[in-house]
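Heads up, the thing below is written out as C-alpha cells.
The values are calculated or read from the model by the stated rules, or taken from the named source; none is laboratory data. Remember, predicted model here, so these are calculated numbers, not experimental data. All Cβ positions, even for glycine, are placed from backbone atoms using ideal geometry, and neighbour counts span all protein chains on display.
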Amino acid sequence: MKIATWNVNSLKVRLPHLLDWLAAEQPDALCLQELKCEDKAFPLAEIEAAGYQAVFNGQKTYNGVAILSKQPAHAVQRDIPGFADEQKRIIAATIGDVRVISAYVVNGQAVGSDKYAYKLAWLEALTAWLKDELAQHPKLVLAGDYNIAPDDRDVHPDWKEEILVSAPERAAFQTLLDLGLTDAFRIFEQPEKSFSWWDYRMMAFRRNFGLRIDHLLVSAPLVPLAQRCWVDKAPRKLDRPSDHAPVIVELRA
DNA sequence: ATGGCCACCGAGGGTGGA
C-alpha cells in the first residue's frame, strides 16, 4: 500500500500535474494540502476519471485538504473536533484498515506573531485529538505539510529564519512522536540534504536550498510494515510546479 | 540593491505562503 502527501499549492493550477502523477505513481491514498478551492469547485470528475475517490474539506483562497484513494473512504472526519477554527486544515478517513489523516499545519509567519501563537495552539489541539484517534485506530498515518523541519539536517544551512525550526515548534513535533508515531522518512537511510519544499525565489530548487517540512508519521503497528519512504522531486522540475514535492511511504500489505 | 516567486482576489496592488 502506497500512501503519499503533497501540498499542491492550488488544486486548480496543479490539476494536470496531479493527474499525471496519479497515473505514474498509482498511490493507494494521496493526502493533499493547500487546495485553495471551495468544495463546489473541487474537480471530482477529473479525479474519478483517473480511478480515484475523493473526500475533501475546502474553502476559498486559502488552506483546504483532501484524501484521494482507490478504495472507498469511511468514517470521514473534517476539522479537529471541539476546536473552533475557520481554516480548513484537517480531513481524516479510514481506507481499508488504515486511518489516514491529511493535515495542513499552520505556517506561523514569524516567531512571536499572532499566527505563531495560533500555530502552537493548533498543534496542541491536533495532538489531543490524535491521542483519541490512535486509541480507536491502531494503524494510523498522519500525513501532511507540518510547516516544521524537525531536525537541523532537515534544513539547508542558508535558512536564516526562526519560523519552521524554532524550539517550541520542534517540541510540538516531538509531542506528536511521543504519542507513538514515527517519522517514516527516518526509518530508512536517506540522502543528505533531502528536502520537500523549495522557495520559488532565488533559484532555491536548483541550488537545493530547501526544507523537509512534509511528513508521514506512522503508528507503531505500521513501522514493521514500512518498506520504503522517499521524496519524489520530479514534479518540482515541471513548468509551473508546486513549491512542495510529494512524499511517499510504501507499506507491506 | 534588504527583494527576488507564485497564487489568490479582482481589476491594482495587497495578502499569504515558508
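Considering only residues that are part of a loop (DSSP other than H, G, I, E, B), of a type in the set (Gly, Ala, Ser) and within 20 Å of residue A:142 (Cα to Cα), which ones fall in segment A:195-235?
Passing the criteria: only A:196.
On the given criteria, is residue A:241 part of a loop (DSSP other than H, G, I, E, B) and in contact (Cβ under 8 Å) with a residue 12 or more places away in the chain?
yes
Among the residues of segment A:192-225, count how many are of a type in the set (A, V, I, L, M), within 19 Å of the chain's Cα centre (by Cα) and either within 11 Å of DNA strand B (Cβ to nearest atom) or crowded, with 19+ Cβ neighbours inside 10 Å (or both).
Residues that pass the stated criteria total 6.
Conditions (1) acidic (Asp, Glu); (2) surrounded by fewer than 18 Cβ atoms within 10 Å (Cβ to Cβ); (3) more than 24 Å from residue A:229 (Cβ to Cβ), marked per residue:
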site	(1), (2), (3)
A:117	no, yes, yes
A:129	no, no, yes
A:138	no, yes, no
A:145	yes, no, no
A:148	no, no, no
A:155	no, no, no
A:164	no, no, no
A:167	no, yes, yes
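Residues in segment A:143-150: is at least one over 18 Å from residue A:88 (Cβ atoms) and free of Cβ contacts under 8 Å to residues at least 60 places away in the same chain?
no
In the set A:85, A:132, A:114, which member is touching a Pro at 6+ places or on another chain (Cβ under 9 Å) and under 30 Å from residue A:165 (Cβ atoms)?
A:132
Hey, among the residues in segment A:238-253 that are closer than 23 Å to residue A:100 by Cβ and within 16 Å of DNA strand B (Cβ to nearest atom), which one's surrounded by the fewest Cβ atoms within 10 Å (Cβ to Cβ)?
Ranking the qualifying residues of segment A:238-253, first place goes to A:242.
Within 16 Å of DNA strand B (Cβ to nearest atom), farther than 23 Å from residue A:221 by Cα and in contact (Cβ under 8 Å) with a residue 24 or more places away in the chain - does that describe any residue in segment A:92-105?
Yes - at least one qualifying residue is present in segment A:92-105.
Would you check if residue A:176 is assigned to a helix (DSSP H, G or I) and without any contact (Cβ under 8 Å) to a residue 60 or more places away in the chain?
For residue A:176, the condition - assigned to a helix (DSSP H, G or I) and without any contact (Cβ under 8 Å) to a residue 60 or more places away in the chain - is met.
State which residue pairs qualify: first residue within 8 Å of DNA strand B (Cβ to nearest atom) and inside segment A:11-37, second residue in a helix (DSSP H, G or I) and modelled with pLDDT of 95 or more in any location, beta carbons under 7 Å apart, and separation of 6 or more residues or different chains.
Listed pairs, sorted by first residue: A:36/A:11; A:37/A:11; A:37/A:12.
Charged (D, E, K, R) and at pLDDT below 95, is that true of residue A:145?
Taking the combined requirement at face value, the residue does not satisfy it.
As an exercise: evaluate residue A:164 against (1) farther than 26 Å from residue A:88 by Cα; (2) within 12 Å of DNA strand B (Cβ to nearest atom); (3) not basic (Lys, Arg) and give the number of the one condition it does not meet.
(1)
Can you pull out the residues in segment A:1-29 that are part of a strand (DSSP E or B) and surrounded by 23 or more Cβ atoms within 10 Å (Cβ to Cβ)?
A:3, A:4, A:5, A:6, A:7, A:29 - these are the residues of segment A:1-29 that are part of a strand (DSSP E or B) and surrounded by 23 or more Cβ atoms within 10 Å (Cβ to Cβ).
Filtering segment A:49-68 down to residues that are among the aromatic types (Phe, Trp, Tyr) and within 16 Å of DNA strand B (Cβ to nearest atom), which residue is surrounded by the fewest Cβ atoms within 10 Å (Cβ to Cβ)?
The qualifying residue surrounded by the fewest Cβ atoms within 10 Å (Cβ to Cβ) is A:62.
Given (1) closer than 20 Å to residue A:87 by Cβ; (2) among the aliphatic types (A, V, I, L, M); (3) under 16 Å from the mean Cα position of the chain (by Cα); (4) assigned to a helix (DSSP H, G or I), identify the lone condition not met by residue A:142.
So residue A:142 meets the others, but not (4).
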